[in-house]
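Asker: I'd like to ask some things about the structure below.
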Amino acid sequence: MPTGGVLPGRFEGEVLVPDSPDYDVARTVWNGTVDRRPAYVVRCAGTDDVRAAVRVARELGLPLGVRGGGHSAPGWAVPDGGLMIDLSRMRGVDVDPGASTAQVQGGALLGSLDAASQPYGLATTAGIVSHTGIGGLALGGGVGWLGRELGLTCDNALGYEVVTADGELVRATADEHPDLFWGLRGGGGNFGVVTRFDLTLHDVGTKALVAEVDLDPARGLDALRTWLAWADDAPRRATLIAEVRAGGPLTLGFVWVGPPDDAAPVVARLDGLGAALARRVAPISYVDLQRQSDVGAGHGFRRYAKSHYVRELPDAALEAFLAHAEADVGAASLVAYGGAIADVDPGATAFAHRDTRFEYDVGAKWEDPADDERHAATCRRLAATIEPWSVGVYVNALGAEGAAGVHRAYGAATYARLQALKSAWDPDNAFRLNQNIPPA
């Protein structure tokens, strides 16, 4: 297997090898625990480079990774001894305000999409951290603050340009290769390298509001129960959230996208939960809303997280969630789904968990490698207390949990359909560095 040197083929973009000046920068991704060394990093200048990179990786028998924003917690983009397709030179966004659409290159970050669409008051569901890549987000489904109102990112996809496992470029829409179009809407990176996403945009304006109260977790059960019970009936512009941090308060709140004054009834409900340790109600621009988690979710930290989808949260589950405050590390959240997410038939896309009511996540970040196992073990222990109520997991929140985790992300029927699609489009499993679905 090659370990560097001249890579066969012609590329317009750079080809980096282990002794290239930018090699270490290129192989460094969001999660600081990932430390792998590809034989080659191809910084693709365009679709032709992607096609050539796929073909040469297949010819040389190299493991193939694809980097968009580099946010995959397991670091799937970085193949030890393999070839990394780096899409960071392919970040263009072209907005057509008249048609309310955007053509987004496969390496674009969410902040680029917002920067191009918000001058027209337009947006689509696109995560909560602006330096996330559109590729991984959208291919796994795509959750964000607009999800309850507009559906997932994949629900707003009009089409894809995809480089397949044999290096060919195809277009997938509802009319062209509809089977592939179905699988790309939630099935992850199993079927090819998406070099362009065509997305529907919506007139959401440019304003938002974040409101939250801090409560004593030891006395928070009634408030938590009341707040989460209201999530199903809350206005679709409101995404309800509950958070608890190790040694910290219980925080209940919501994010609202739209005119802040229209959120007054929801703020009143929040204020009615009881005496708060602190209260924050802040109008904010939509662009700043999308950036507000950027620092906390910044690159370079070592990270571990676990996640569940849940439908029911009886008092025993809520008490387990509140007990997270007694841990020595970690932060946990419950984020409401429903609304437009649940409007879509579960079989219409490869994102099957349409009846999920909440996404639960617990995670930690740290800097010292000596703390790796201790902090990961704490997160696993905390997540295990919620697992009795788990009905699945968001594939983009899934760690390196093997086949069992991937089955949890899709369920039996969707998984079987994805396996058949994999057999048709990637029978040799060239695209396997992901939450992998092997061919049937």
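The values are calculated or read from the model by the stated rules, or taken from the named source; none is laboratory data. Note that the coordinates shown come from a computational prediction; the quantities given were computed from them, not determined experimentally. Here Cβ is always computed from backbone atoms with ideal geometry, including for glycine, and neighbour counts include all displayed protein chains.
Asker: Here's a check for you: in region 362-407, which residue that is touching a helix residue (DSSP H, G or I) at 6+ places or on another chain (Cβ under 9 Å) and among the charged types (D, E, K, R) is farthest from Leu421 (Cα to Cα)?
Answerer: That would be Lys365.
Asker: Looking at region 110-135, I want the residues that are touching a residue at least 24 places away in the same chain (Cβ under 8 Å) and more than 12 Å from Thr153 (Cβ to Cβ) and have a partner that is surrounded by fewer than 24 Cβ atoms within 10 Å (Cβ to Cβ) and among the β-branched types (Val, Ile, Thr) with Cβ atoms under 6 Å, at least 6 apart or on another chain. Which pairs are those?
Answerer: Here the result reads Asp114/Val287; Ser117/Val95; Gln118/Thr206; Gln118/Val287; Gly121/Thr206, each pair linking region 110-135 to a residue that is surrounded by fewer than 24 Cβ atoms within 10 Å (Cβ to Cβ) and among the β-branched types (Val, Ile, Thr).
Asker: Okay, moving on. Assuming Asp361 fulfils every condition listed in (1) among the acidic types (Asp, Glu); (2) without any contact (Cβ under 8 Å) to a residue 40 or more places away in the chain; (3) assigned to a strand (DSSP E or B) apart from one, which condition is it?
Answerer: (2)
Asker: How many residues does region 30-70 hold that are out of contact with any helix residue (DSSP H, G or I) (no Cβ under 7 Å at 6 or more places or on another chain), crowded, with 24+ Cβ neighbours inside 10 Å and among the β-branched types (Val, Ile, Thr)?
Answerer: The number of residues fulfilling the criteria is 3.
Asker: Here's something else I'd like to know. Can you name the residue in region 91-129 that is under 30 Å from Glu401 (Cα atoms) and not small (Gly, Ala, Ser) and is also surrounded by the fewest Cβ atoms within 10 Å (Cβ to Cβ) among such residues?
Answerer: Here the answer is Ile128.
Matching residues to (1) of a type in the set (Ser, Thr, Tyr); (2) over 30 Å from Asp86 (Cα atoms):
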residue	(1), (2)
Thr132	yes, no
Leu137	no, no
Glu149	no, yes
Asn156	no, no
Trp182	no, no
Asp198	no, no
Ala208	no, yes
Leu228	no, yes
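Asker: Looking at region 364-398 only, could you name the residues that are in contact with a His (Cβ under 8 Å, 6 or more places away or on another chain) and either within 27 Å of Gly70 (Cβ to Cβ) or in a strand (DSSP E or B) (or both)?
Answerer: The answer is Ala364, Trp366, Leu382, Ala383, Ser390, Val391, Gly392, Val393, Tyr394.
Asker: Among the numbered criteria (1) in contact (Cβ under 8 Å) with a residue 60 or more places away in the chain; (2) within 30 Å of Asp328 (Cα to Cα); (3) not charged (D, E, K, R), which one does Phe254 miss?
Answerer: Phe254 satisfies every listed condition except (1).
Asker: Name the one entry in Ala352, Ala409 that is at pLDDT below 95 and either surrounded by 16 or more Cβ atoms within 10 Å (Cβ to Cβ) or over 25 Å from Gly189 (Cβ atoms) (or both).
Answerer: Ala352
Asker: May I ask you to list the residues in region 16-29 that are surrounded by fewer than 22 Cβ atoms within 10 Å (Cβ to Cβ) and not in a helix (DSSP H, G or I)?
Answerer: Within region 16-29, Val17, Pro18, Asp19, Ser20, Pro21, Asp22, Thr28 qualify.
Asker: Which one of Gly205, Gly159, Gly141, Gly167 is surrounded by 21 or more Cβ atoms within 10 Å (Cβ to Cβ) and either of a type outside the set (Val, Ile, Thr) or in contact with a strand residue (DSSP E or B) (Cβ under 6 Å, 6 or more places away or on another chain) (or both)?
Answerer: From the options Gly205, Gly159, Gly141, Gly167, the qualifying one is Gly141.
Asker: Quick one: count up the residues across region 30-50 that are farther than 13 Å from Pro8 by Cα, assigned to a helix (DSSP H, G or I) and either of a type outside the set (A, V, I, L, M) or touching a His at 6+ places or on another chain (Cβ under 7 Å) (or both).
Answerer: 2
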